[in-house]
Amino acid sequence: MAGSTIDHLIALTTFLVAYLIFVSLFSQTIQTAILYQQHRQLAIKCSNILDTILLTPGIPPNWGETNLIPSSFGLQHPNFGGYTLSPFSVLRLSPLEENVYYNRTGEWYSNYSLGEGVYLLLPLSSSLNYSMVATLLGINGSYGFQLVISPLINVEAQAVDSNPLTIEVYVSGISDPISGANVTCYLYRIYKKGNYPAFIRLVGNATTGDDGRATIEFSGVNVSNEAYVAIIRASIGNFVSVGYIMKKTTTKEDIFPFIVNFEERKIMLAHSWDVHHFGPPEPEIFYNATFFFISESYTLSKVEIENSTGMLTYGVGKAYSIITIPTFDPGFLIITYRTRNRFGVTLMPWGISSLSVSVTFGELPTNAEWVATDIRLVIINGMPYQVKLALWSLEGYQVVE
């Protein structure tokens, strides 16, 4: 009798252990299935949000060319269909970089880090921040996201000799070099004309080899003691991209172009000392501002602007100048300047595609359990771009052991 009872107890214990193991495994299986479904739903949500951003222009459709905050968010070009983006709506997204304060206007400006001498400074009052866009997309508080818009074709350049000027260009895709690309280099040599700087334009051409590299030599051009800027265009079939290099003979002096009214296209040119107070400053800077309009094939056309020449000072009194860009067609400003016998140059893109600007907008998924990503290829003023959206839930979920 005792042996039978012990056998029953052992059998019951074994059954209970097996039952608990089964329940535990079944519970984990169910949780894994639920988690998979949540991940799948997140991936679908990511794809839908990305298409909403890229396939709608927002309301009003031309909000990217105004100072307005849109009531509905989208980056599609208002005059074109499909995956074609507005080169100006993208510029109004406030990037992750640190902001710049200018006491003359009492405003903070979004700061795109584009490299030395290349600036894009838009007032935060005219920019869309992360929480604004999340609210317009209907995901604020529920999802976090990051949007990265970057050129599909990259153009890098460096000067390998100054006498004669020799520029080496490297053209690549996302990971591989591109051979057979037609490369055109627009060289602007800066010199003094009266009190103001001026420039002479030279053009050179080459084709990339199997390694994606091309060399352009400007025979007889010695820039050892000269300032210059070179805009390099690479065309592959019907697509183009652009890079740039520059050289200054100034030391600490610079000109900052602040966009003070996006809708009216007004740009304030400021002496660098008035912005960051690095000293001792030079007493004055003479400048010459030129705007170049860019067609979809990246043909450059010079457009005259008012107040194209002037002098900048710092400190008390009027220490800035206002110029107006004449169009909302994409292009860029070349601002050449002189202080004493030294010369420099500032570039400002007008439209994301004009100088192949990349934009990273949103937060970093630092504590996300799982991140869904999706990618689209788009066209911005004839240039191919890749748009990547990363999306994650702010609620959090995981399998319980």
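Suppose we keep only residues that are open to solvent by 50 Å² or more (accessible area, probe 1.4 Å) and not in a strand (DSSP E or B) within the range 336-364. Which one would you say is farthest from TYR287 (Cα to Cα)?
LEU364
Quick one: PHE199 ticks every box in (1) surrounded by 12 or more Cβ atoms within 10 Å (Cβ to Cβ); (2) more than 27 Å from the chain's Cα centre (by Cα); (3) farther than 26 Å from ILE352 by Cβ bar one, so which box is it?
(3)
Could you tell me whether any residue of the range 304-311 is open to solvent by 40 Å² or more (accessible area, probe 1.4 Å) and in contact with an Asp or Glu (Cβ under 9 Å, 6 or more places away or on another chain)?
yes
Going by the structure shown, is VAL169 surrounded by 15 or more Cβ atoms within 10 Å (Cβ to Cβ) and touching a residue at least 40 places away in the same chain (Cβ under 8 Å)?
On the way: surrounded by 15 or more Cβ atoms within 10 Å (Cβ to Cβ): yes; touching a residue at least 40 places away in the same chain (Cβ under 8 Å): yes.
Spelling it out, VAL169 is indeed surrounded by 15 or more Cβ atoms within 10 Å (Cβ to Cβ) and touching a residue at least 40 places away in the same chain (Cβ under 8 Å).
Applying the selection to the range 359-398, what residues are farther than 17 Å from PHE239 by Cα and among the hydroxyl-bearing types (Ser, Thr, Tyr)?
Within the range 359-398, THR360, THR366, THR373, SER393, TYR397 meet the criteria.
Can we say VAL90 is touching a residue at least 60 places away in the same chain (Cβ under 8 Å), open to solvent by 10 Å² or more (accessible area, probe 1.4 Å) and β-branched (Val, Ile, Thr)?
On the way: touching a residue at least 60 places away in the same chain (Cβ under 8 Å): yes; open to solvent by 10 Å² or more (accessible area, probe 1.4 Å): no; β-branched (Val, Ile, Thr): yes.
In short, no.
For the range 174-184, what are the residues that are assigned to a loop (DSSP other than H, G, I, E, B) and crowded, with 16+ Cβ neighbours inside 10 Å?
Across the range 174-184, the qualifying residues are ILE178, ALA181.
Yes or no: LEU187 in contact with a strand residue (DSSP E or B) (Cβ under 8 Å, 6 or more places away or on another chain), assigned to a strand (DSSP E or B) and more than 30 Å from LEU50 (Cα to Cα)?
So LEU187 fits the description; yes.
Restricting to the range 312-333, give me the number of residues that are farther than 14 Å from PHE286 by Cα, open to solvent by less than 10 Å² (accessible area, probe 1.4 Å) and not in a loop (DSSP other than H, G, I, E, B).
Residues meeting the conditions: 4.
Suppose we filter SER162, SER113 for residues that are surrounded by fewer than 18 Cβ atoms within 10 Å (Cβ to Cβ) and touching a strand residue (DSSP E or B) at 6+ places or on another chain (Cβ under 9 Å); which single one remains?
Answer to the check: SER162.
The values are calculated or read from the model by the stated rules, or taken from the named source; none is laboratory data. All of these numbers come straight from a predicted model, not from anything done at the bench. In this analysis, Cβ positions are derived from the backbone assuming ideal geometry, glycine residues included, and neighbour counts consider all displayed protein chains. Please note that ligands, DNA and RNA were not included when accessible areas were found on the heavy atoms of the full protein model with its side chains. Shrake-Rupley method; radii C 1.70, N 1.55, O 1.52, S 1.80 Å.
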